[in-house]
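Here the structure is laid out as structure tokens; the discussion comes afterwards.
The values are calculated or read from the model by the stated rules, or taken from the named source; none is laboratory data. This one's a predicted model, so the numbers in the text were calculated from it and none came from an experiment. A quick note on method: Cβ atoms are made from the backbone with ideal geometry, for glycine too, and the neighbour counts reach across all protein chains shown.
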Amino acid sequence: MKKSQLTANHWGAGVSRLENDQLISVDPHKGDNDPSRINENIVSSLKGSARVLRPSVRKSYLENGPTHNNNKRGEEKFVEVSWDKAFDLVANEVNRVRTDYGNNAIFAGFYGWASAGRLHHAQSQLKRFLNCAGGSVRSKGNYSYNAALELMPHIVGDFREHVKHITRWSTVAKEGELVVVWRNSVAQHASLWRRCRKTSLAG
């Protein structure tokens with residue numbers, strides 16, 4: 001039996017097509033004038049060889065504990081375990097580090113998407129979890145923005161003043177011969193989009 005239902009994810013709205021309760025495609029929503037083709041990969045990814053199906057732990061860690069070092073990180077096999085076992089391993093390790101070294105020894109942060117939306121944002125969930133255990137050390141900002149703060153003063157002057165007084169959307173639209181805006185940035189910079197269109201039509 002075939003059926004369809006609306007769905008939405010990080011890549012926009014779509015229509016899920018099912019046959020005998022098995023997903024066979026995710027088609028563009030009729031209201032999306034420029035749908036992402038990434039949704040076409042959803043069906044194949046459900047059973048893809050790279051998909052992690054259940055919690056997995058490095059073999060030496062599982063057999064010898066967290067302090068064992070066989071210099072094979074990145075080489076050895078991972079062993080699948082139950083969720084209960086995984087929860088116990090994580091809880092025991094957090095308690096071990098807190099007891100032996102304090103919460104300052106726990107780094108809760110990495111840079112990357114790992115997200116299908118804010119609810120499932122891995123970094124936010126990690127920090128919430130460790131906040132319940134007394135807190136942790138974390139990073140601030142990201143590599144591109146922080147690098148700009150350090151480098152821009154040596155190239156074009158103070159970064160904040162440069163943005164505040166020079167790079168206005170009206171200036172970009174007026175002076176730029178070709179303005180390239182990433183698709184997901186158009187909504188964020190609607191003012192720039194309107195100014196560019198106005199300038200283009202006027203020219």
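Among the residues of segment 13-24, those that are at negative phi, more than 24 Å from the chain's Cα centre (by Cα) and not β-branched (V, I, T) comprise R17, L18, E19, Q22, L23. The residues listed here are V26, V57, V94; of these, the one that is surrounded by 13 or more Cβ atoms within 10 Å (Cβ to Cβ) and touching a Ser or Thr at 6+ places or on another chain (Cβ under 8 Å) is V26.
Residues that are of a type outside the set (A, V, I, L, M) and closer than 23 Å to H121 by Cα occur in segment 66-82; there is at least one. Is it the case that segment 53-61 has a residue that's part of a loop (DSSP other than H, G, I, E, B), closer than 30 Å to E93 by Cβ, touching a helix residue (DSSP H, G or I) at 6+ places or on another chain (Cβ under 7 Å) and basic (K, R)? Taking every residue of segment 53-61 in turn, none turns out to be part of a loop (DSSP other than H, G, I, E, B), closer than 30 Å to E93 by Cβ, touching a helix residue (DSSP H, G or I) at 6+ places or on another chain (Cβ under 7 Å) and basic (K, R). None of A86, A133, A105 is exposed (fewer than 13 other Cβ atoms within 10 Å of the Cβ), at pLDDT 75 or above and of a type in the set (A, V, I, L, M, F, W, C) except A105. Just to be sure before I move on: is T67 β-branched (V, I, T) and modelled with pLDDT of 90 or more in the structure I sent? Judged against the criteria, T67 is not a match.
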